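Notes for the one structure printed next.
Values in this text are rule-based calculations from the coordinates and carry no lab data. Everything quoted here is computed from the prediction, not taken from an experiment. We place every Cβ from the backbone using ideal geometry, glycine too, and count neighbours over all the protein chains shown.
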Amino acid sequence: MKKLLIALVVFAALALPTAAMGLSPGEATVNNVLRGGYSERGFRVYNTEPSTVSFKIELRGSVKDWIKVVPGDTLEVGPSQVAAITLQIQPPQDTPNGLYEGTMVVTGTPVAAGGEGSISRIATGVQARVAVEVVDKEVLSLIILETRVESIEQKQPLVVAIRAKNAGNVRATPKVTVQIIDSNGQTVKTAEDSSTEILPTQSRDLKVVIPTLDLEVGKYTAHVSITVGGDSLAENRLDFEILEKGALRRQGELLGITGPSWVKVGEAAKLVAQFKNSGQVASDAKFTAEIYVDGALIDTATSETIEVAPGETSELSVIFRPDRPGRFVVRGSVFYSKRRTPESEFILNVQPLNALSFDLYYGIIVLLLALAVGFAVYKRAKHQPPASGAGFQ
């Protein structure tokens, strides 16, 4: 009987839902971190479940007191989605030189369809080794990854875009100087910018915006010079054109709308639209969502307007708080450059505040089945006659 009870407990535990998850990379070594300085390293948390999973992140070992997890040590990841986290590493000024090791432990727990509170959930976890080398020697190093400029229409500002990475262990503030040269070789505009500070290990986008209201249609060259700490890093000559208004193509795509599949009444649901600017000119984009129940429009929501560069994909989000349970249909589109994308749909399911979670129902059913099987086996064993054996002569 004792073995039977143990088997039933194991069966019930294995039948309860667990979180399938992944973590990448599996380990990270961060070198040349300055005492009292800053460094960072990114990780990705994978939820391979068909439902939302709540993750908890914990640092252990000698590095735990000077590493911060961003956006936070708890986060929810939607079904079959990936979340990015960043470890911000800041060893104190008095940290001795050396290699410090620790472990990042990530545990995941399935979130019930109606929210938190289920007793029938099992947390699973993965971990990654984190090693940090602390040094006292300053290294100033900046890598220019990309410098680009696009043709514009007349009276539009020229944007010189630069992507730079701080490969050293001290803060770097690059100075960017841009000269616009016309087809006759004359410098007609000059601009400078040194307002962006880049922390160690970070990559940042730098932009120099130059008004061109007084420039005529024609071909030009942007001479871009980048220095840091007085040292020259890069010089580029980039050709571009100023075209007549309306010459550049304007086009955009709404790639889809995402959000939580289930929320409760009154909970905030963040609805995110993925918009791609597939045109040739920067566009101001705004997401507008209409919310329907049983075919009737009950609410609308509009995002902030952001500028999306050619070829880039950006997220536009709105917050919706349902005031009733039911099945909500979200229909949305993006407005850009006096145009509108085709609509996309998303389904949001809303439960009452007092609704029991699916996991709780599942757990109760599993336990009842286990008890029923155990009782049947016990009753059968109790009424079964003992095996006959040889008697005494």
- Message: Between residue 331 and residue 76, what's the calculated FRET efficiency when r is the beta-carbon distance and R0 is 25 Å? Round to 0.05.
- Response: 0.50
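May I ask you to compute the full-extension gain from residue 186 to residue 251, defined as 0.36 nm times their residue separation minus their alpha-carbon distance, rounded to one decimal in nm? Could you put the intermediate results ahead of the total?
Details: separation 65, 0.36 × 65 = 23.40 nm, distance 3.45 nm.
Computed gain between residue 186 and residue 251 is 19.9 nm.
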- Note on the structure: Expressed in nanometres to one decimal, the distance between label points 7 Å along Cα→Cβ at residue 304 and residue 195 is 1.6
- Task: Would you tally the net charge around residue 42, using a Cβ to Cβ cut-off of less than 15 Å, leaving residue 42 out, and scoring K and R as +1, D and E as -1?
- Result: +3
- Most packed first (mean Cβ within 10 Å per residue), the peptides 181-192, 259-270, 30-41 order as 30-41, 259-270, 181-192
- Task: Taking 7 Å along the Cα-to-C-beta vector as the label spot, tell me the residue 48-residue 297 distance in nanometres, rounded to one decimal.
- Result: 4.4
- Task: Between residue 347 and residue 28, with labels modelled 7 Å along Cα→Cβ, what's the label distance in nm to one decimal, could you check?
- Result: 3.7
- residue 234's amide H: which non-local residues (gap 5+, or another chain) put their own amide H closer than 5 Å, with H modeled 1.01 Å from N in plane and none for Pro or chain starts? 226
- Note on the structure: Cβ-Cβ cut-off under 9 Å around residue 154, Lys and Arg +1, Asp and Glu -1: the net charge is -1
- Query: For residue 237 and residue 173, what does the FRET efficiency come to when R0 = 30 Å and r is the distance between their Cβ atoms, rounded to the nearest 0.05?
  - Reply: 0.80
- Item | Sites residue 163 and residue 369 - FRET efficiency at Förster radius 45 Å, r taken between beta-carbons, to 0.05 | 0.20
- Task: Determine the gain in length on full extension of the stretch residue 219-residue 133; use 0.36 nm per residue of separation and subtract their C-alpha separation, reporting nm with one decimal.
- Result: 25.9 nm
- Cβ-based exposure ranking for 307, 76, in which fewest neighbours within 10 Å come first: 307, 76
- Task: Rank-order 96-105, 219-228, 314-323 by packing density, defined as the average count of other C-beta atoms within 10 Å over each peptide's residues, highest first.
- Result: 219-228, 314-323, 96-105
- Alpha-carbon centroids, the stretch 212-253 and the stretch 278-304: separation in whole Å: 33
- Note on the structure: Counting only backbone N atoms under 13 Å from a point 7 Å out along Cα-to-Cβ of residue 205, the residues of the stretch 153-181 in range are 159-164
- By average C-beta atoms within 10 angstrom, highest first, the peptides 155-163, 288-296: 155-163, 288-296
